[in-house]
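Each remark here refers to the structure printed beneath this line.
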Amino acid sequence: MARPASEEKRIAILDAATELIATAGTGTSTAKIARKAGVAEGTIFTYFATKEALFGAVLLAIENELAAAVLAGPLPGDGGRKDMQYFWNRLIDWGAVNPEKWRTLRRLKLSSLVSDSAREEGERLFEQAAGVLKRALAQQAGEGASLRYAGLIMTAIAEATFDSIAYDPDQSTRLKQRGFAVFWAGMAGLATTG
């Protein structure tokens, strides 16, 4: 008879996978994940049917945490710059204190070891955020600007901001403001280029 599942072990496995994916990539073995979590390798498969299921669960755990952070509280409500800056500030605050989770999230988003259904479930968590970006982009660049492209630009500038804050934490507020200024000015550039 199999032992009953423990939420503590499940969390230890997710945490170990998060750390190892951040440092070693998605090629990390389940044996290494189990060792890091302090469980037998077979225990992983008590909680997650496959490595792909484990990686999907890691992706969703991080995206749930990130969504809760960036979408907490009411937006200022201007439908543009103030709403976008509020969202930006929360994103940068979360990423600056969770660089390992951010790296893991970025790697998993590119990995073939994460199912389309896990990706789609994660994307649904950010529908409200996508709406904020869409409204702000329309206000800054017009209706025809590419939401996907704007999101990629935002991610790249956010990563540069995280790295800069890690290097010079005393300047975090200033760097967060500068990162947003670059992003917002870039969105205005989309008005002329689409």
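Data overview
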quantity	calculated
Segment ALA49-LEU75, extension gain: residue separation times 0.36 nm, minus the distance between their alpha carbons	5.4 nm
Interatomic Cα distance distribution for region 58-194, bins of 10 angstrom, percent	12, 41, 37, 10, 0
Residue-span extension gain [TYR167 to LYS82] - 0.36 nm each, minus C-alpha spacing	27.9 nm
Cα-based equivalent ellipsoid of region 1-58: semi-axis lengths in Å, sorted from largest, via gyration tensor	18, 11, 10
Overall dimensions of region 1-137 by Cα: Rg and Dmax, Å	16.9, 58
Of LYS51/LYS134; LYS101/LYS176; LYS134/LYS176, pairs whose Cα-Cα distance is over 27 Å	LYS51/LYS134
MRE, 222 nm, helices only [DSSP H, n ≥ 4, -39500 (n - 2.57), over the chain, to nearest 500]	-25000 deg cm²/dmol
Region 53-194, relative contact order in percent, only Cα pairs under 8 angstrom and at least six apart counted	30 percent
Residues of region 1-63: accessible area per residue with a 1.4 Å probe, Å²	51 Å²
Accessible area of region 1-149 belonging to carbon and sulfur atoms, whole % at 1.4 Å probe	51 percent
Surrounding net charge for GLU121, when Lys and Arg each add one and Asp and Glu each subtract one, Cβ distance under 15 Å	-4
Residues of region 57-95 with amide N under 14 Å of the 7 Å Cα→Cβ point at ARG106	92, 95
Near-label residues of region 81-112 by backbone N, under 20 Å of a point 7 Å along Cα→Cβ of ARG174	89, 92-93, 96-97
On Cα atoms only, tilt of 51-70 relative to the major axis of the chain in degrees	40 degrees
Estimated FRET transfer efficiency when R0 is 45 angstrom, pair ALA156-ALA40 (beta carbons, to 0.05)	0.65
Under-5 Å amide H pairs with ASP78, H placed in peptide plane, nonlocal only	ASP83
Region 134-181: radius of gyration and largest Cα-Cα distance (Dmax), Å	12.9, 39
Alpha-carbon centroids, region 107-174 and region 86-100: separation in whole Å	11 Å
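The values are calculated or read from the model by the stated rules, or taken from the named source; none is laboratory data. Keep in mind that what you see is a predicted model, and the values were worked out from it rather than measured. Glycine gets a Cβ as well: all are built from the backbone with ideal geometry, and neighbour counts include every protein chain shown. Areas reflect the complete protein model, heavy atoms only, side chains present, ligands, DNA and RNA absent. Shrake-Rupley method; radii C 1.70, N 1.55, O 1.52, S 1.80 Å.
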